[in-house]
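The values are calculated or read from the model by the stated rules, or taken from the named source; none is laboratory data. Not measured: the values here are computed from a predicted model. Positions of Cβ are generated from backbone atoms using ideal geometry, with glycine treated the same way; all protein chains shown enter the neighbour counts.
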Amino acid sequence: MSKRTALQIATYGIVCLAILLVPSFMDDAFILNKYARYLVLGILAMALSLSWGYAGILNLGQAASFGLGSYCMAMALKLRTVPVHTGKSGLPDFMVWNNVETLPWFWEPFYSLTFAIFAGVAVPVAFAMLLGSFIFRGRVTGVYVAIITLAALVVVNLLIIDQQRYSGGFNGITDLAQLELFGLTFDAYSSSSYYLIAISLTVSLFFALAVTKSKAGLILQAIRDHEERVRYFGYDVARFKTFAFAVSAGIAGFAGMLYTIVMEFASPTFLDVPLSLSVVIWCAVGGRQSLLGAALGAIIVTGMQGALSESEIFLESWTLIMGFAFVMIVLFLPKGLAGAVESLVDRILPKDRTAPGKSKAAADQCGAKNSAGGP
Amino acid sequence: METILAQILTGLSIASILLLVALGLAIIYGTTGVINLAHGEFVMIGAYTAWALQTYVGVGLIESLVVIFFTVALFGWIIEKTVIRHLYRRPLDTILATWGIGVMAQQAIRLAVGGELRYVQMPSAMSSSVSILGIEISAFRLFILALSAVIFGFTWYLMYRTSIGMKLRAISQDREIASCFGIQSKRIYGLTFAYGAGLAGLAGALVSPLKSVSPEMGTTYVVDAFMVVVLGGVESLIGTVASSVILGELTGFLAFYSNDTLAKVLVFLAIVVLIRFRPQGLFAAKVRS
């Protein structure tokens, strides 16, 4: 392990530890809930950084995975609400209002919480694998990927709003039960939910870090830097891209489930275009090529958004400030805040040449390895 | 028969507005490769300029069109010179930067004149309706149709019969070689952006009497206009017209005969499949790459 990797792991560990320690200084349930929300969005941004920053896939439809995960969790928790909020034989209230007589077949399995948690990850992954292989087998790249993913998001969003009888339409799914897992109850306004989310953030951060450090992760970075070259070496570029796309979707779906737990509802706004574009902003601000950077970017931006929109002076103008800051970062800090920190580290720690570098070095390395074996 | 004819006319009316928005977008994208997500905000600013001129200066809509064109064109030119100029080597980042600009423009308008809906009066001479083959159609819609045809003709002339158009086409084929021949690509890029923005501003001014004016009004137009550009293929003016008509008529008919949401879903799915198999668009000319 190189010095740099060790430093990276140490940084990740310290940040996660700091996040985990927050409840020991803070026991205001309302504030903890707010922080937990920011952390969930951090996971979401981190997932985008995996596909955008590491594989070069600008997925403007990231919120689709997030929303699907969120709805899976909401469906399970809706079926567990106390009968007051439901119709005959536990039929969810909005179905009663829409004159639905029996529970639709695809709601049935959600009586099982295990299935719901599985589906919250598996449904987005399956969706991403379908869409991903459709896009990448056709060698669609760059801007067109962005447009297709955006269009796919709009389709999913419109369908969910349109199927009001089964999805709650514009209102989403509300009045949910609290999650009970391993004998623990996760009240949205309690430290238990905060811990659940902080631990989830830690686990998914290190999982994603492991993916980027694996061989597949290196090949993905090489694809990002020079797709054609990697293809000429005989790698199945489409498969690697679909893999990155699906892993990112899985993490986003996982984040969506957590979001339902802290928000206590699921809504079509969890998969609308503005949220999806906001994720891109958080990622760009924090640094798309740094998992931790992207997560912190989301936490900082949403945190500032929350703080600024609460104060009188900035209530109106924070969007303007955010827009301006964002344009400036795109112009002058294309690698985001993490990129700025990294170039600082570069000055202190001279680059060691043996380590798999983060940028072009990856493509060159893969090249060197393969051309050595080739004719 | 008459309902069908009426439907066709409604579709054409939708298409003519789509064309005005998409034409500017197609020219900007075709020439500079910039995905301009702030294009909808150009439309919005055009509509607000029309509203401001009418409310504070008392100028009618038709008389103020020229002023609106140049105001929004200036706005587009400034954006190109301050932001876009730095991003030509990073096309994906233009999506982000122009989106940021769009957000800022919306919020700036909201702060300046408030977020409530505004209304622009239709020119009194055109508020009546005209009867064509037994179909009643509003004179103003006919005016939009005629004007967009004129503007399209002018754009075609500009692109294919003037030296500035030739330079522009040269740059869109190969910027570096064009520069070697002494074409000042920086200047042309600025002008292209200004012209595209101006067209969007005109579109905004023209729709302002038909729909209410709000800071968010641009968002719907930019998505639809993008679909037109994707369908028509860049660098093809005829393609832009054809796909405007196709999408305009399709939207008109689908909205009339079926569920609005489902129609939209179908159109979007069709676009996804289209990009996958024909990313160059339906009408793109064959070019050797």
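Structural remarks
- Here B:V72 meets the list (1) crowded, with 17+ Cβ neighbours inside 10 Å; (2) within 13 Å of chain A (Cβ to nearest Cβ); (3) in contact (Cβ under 8 Å) with a residue 24 or more places away in the chain almost entirely, failing just condition (2).
- Selection over segment A:107-157 of residues that are within 14 Å of chain B (Cβ to nearest Cβ), without any contact (Cβ under 8 Å) to a residue 12 or more places away in the chain, more than 21 Å from A:V280 (Cα to Cα) and in a helix (DSSP H, G or I) gives a count of 2.
- The listed residues are B:I35, B:I14, and the only one of them that is outside any helix (DSSP H, G or I), within 28 Å of B:I246 (Cα to Cα) and touching a residue at least 60 places away in the same chain (Cβ under 8 Å) turns out to be B:I35.
- Inter-residue pairs, beta-carbon under 6 Å, first touching a residue at least 60 places away in the same chain (Cβ under 8 Å) and in segment B:158-181, second in a helix (DSSP H, G or I) and among the small types (G, A, S), 6+ apart: B:M159/B:G165; B:I171/B:A178; B:I171/B:S185; B:S172/B:G30
- Some residue of segment B:191-214 being in contact with a helix residue (DSSP H, G or I) (Cβ under 8 Å, 6 or more places away or on another chain) and free of Cβ contacts under 8 Å to residues at least 60 places away in the same chain: no
- Residue in segment B:78-89 that is nearest to the other protein chains (Cβ to nearest Cβ), counting only those that are aliphatic (A, V, I, L, M) and in contact (Cβ under 8 Å) with a residue 24 or more places away in the chain: B:L87
- Being under 21 Å from the mean Cα position of the chain (by Cα) and more than 14 Å from chain A (Cβ to nearest Cβ) holds for only one residue in B:I132, B:I151, B:I171, and it is B:I151.
- Annotation: of all residues in segment A:158-177 being touching a residue at least 60 places away in the same chain (Cβ under 8 Å) and touching a Lys or Arg at 6+ places or on another chain (Cβ under 7 Å), the one that is surrounded by the fewest Cβ atoms within 10 Å (Cβ to Cβ) is A:A177.
- Among residues of segment A:285-326, those that are more than 20 Å from the chain's Cα centre (by Cα) and surrounded by fewer than 21 Cβ atoms within 10 Å (Cβ to Cβ), counted: 17
- Just one residue in the set B:H39, B:H86 is of a type outside the set (F, W, Y) and buried (at least 24 other Cβ atoms within 10 Å of the Cβ); that residue is B:H39.
- Residue check, B:V67 crowded, with 22+ Cβ neighbours inside 10 Å, part of a helix (DSSP H, G or I) and not small (G, A, S): no
- Just one residue in the set B:L96, B:L111, B:L92 is within 10 Å of chain A (Cβ to nearest Cβ), part of a helix (DSSP H, G or I) and touching a helix residue (DSSP H, G or I) at 6+ places or on another chain (Cβ under 6 Å); that residue is B:L96.
- Restricting segment A:37-54 to residues that are within 13 Å of chain B (Cβ to nearest Cβ) and over 21 Å from A:L258 (Cα atoms), the residue that is modelled with the highest pLDDT: A:W52
- Residue among A:E228, A:E180 that is of a type in the set (D, E), at pLDDT 85 or above and surrounded by fewer than 21 Cβ atoms within 10 Å (Cβ to Cβ): A:E228
- Search result, residues across segment B:224-238 that are within 20 Å of A:I148 (Cα to Cα) and touching a residue at least 60 places away in the same chain (Cβ under 8 Å): B:D224, B:A225, B:F226, B:V228, B:V229, B:G232, B:V234
- Qualifying positions in segment A:9-43 - without any contact (Cβ under 8 Å) to a residue 40 or more places away in the chain and surrounded by 13 or more Cβ atoms within 10 Å (Cβ to Cβ): A:G13, A:M26, A:I31
- For segment A:1-100, the helices (runs of 4 or more DSSP H) that sit wholly inside it and include 1 or more residues that are among the basic types (K, R) are A:3-25, A:29-52, A:62-79.
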